[in-house]
Amino acid sequence: QVQLVESGGGLVQAGGSLRLSCAASRSIFRFSPRAWYRQAPGKQRELVALITSGGSTNYADSVKGRFTISRDNAKNTVYLQMNSLKPEDTAVYSCNAEVMGNHYWGQGTQVTVSS
């Protein structure tokens, strides 16, 4: 059963913007900490941004000032607004939710930034 579904990825030129969405199908995720990770070819998966149930956020240094994570608890959805995209942002972006120590993942969405 797919519980987290990402959308919004695609191909964009450097300097452009994309908005990713992660919709959750179960109410247990509504107030759970949520995060976006990414994995580029040949590299380890890295945390991009995290948002707590209370709305506090944390970002990787490489995206600070360019990416914004937000959540709409009524829609059970988390967003990642990505501005000023760079070729090094190219990766598969995956949504994560943590519930009582268990981590749940979406299938991932490809983001490709051309130079």
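Positive-end ranking of 58, 35, 24 along the dipole of the range 1-61, with charges on Cβ about the Cα centre, is headed by 24. Extending 7 Å from the Cα toward the beta-carbon at both residue 83 and residue 56 defines two label points whose distance is 2.5 nm. Computed over neighbours whose Cβ is under 13 Å from that of residue 29, the net charge equals +3, Lys and Arg +1, Asp and Glu -1. Charged side chains reduced to their Cβ positions (Lys and Arg at +1, Asp and Glu at -1) give the chain a dipole of some 160 debye around its Cα centre.
Note that the chain presents 53 Å² accessible area per residue, ligands and nucleic acids not counted, probe 1.4 Å. In sequence order, the range 46-62 has phi-based couplings of 10, 6, 9, 7, 9, 9, 7, 4, x, x, 5, 10, 8, 10, 5, 4, 5 Hz under the Karplus curve 6.51 cos²θ - 1.76 cosθ + 1.60, θ = phi - 60°, and Gly or Pro positions carry x.
The packing ranking of peptides 90-102, 9-21, highest mean first, is 90-102, 9-21, where packing means the average number of other beta carbon atoms within 10 angstrom of each residue. Surface composition of the chain: carbon and sulfur make up 48 percent of the accessible area, probe 1.4 Å. Working ranking of peptides 64-77, 40-53 by packing, defined as the average number of other Cβ atoms within 10 Å per residue, highest first, is 64-77, 40-53. Here's how it looks for residue 85: its modeled amide H is under 5 Å from those of 15, 16, which are all 5 or more places away or on a different chain. The listed residues 61, 89 rank as 61, 89 when sorted by accessible area, largest first, using a 1.4 Å probe.
The values are calculated or read from the model by the stated rules, or taken from the named source; none is laboratory data. All values derive from a computational prediction rather than experimental measurement. All Cβ positions, glycine included, derive from the backbone under ideal geometry; neighbour counts span all protein chains shown. Calculation scope for accessible area: heavy atoms of the full protein, side chains included, ligands and nucleic acids excluded. Shrake-Rupley method; radii C 1.70, N 1.55, O 1.52, S 1.80 Å.
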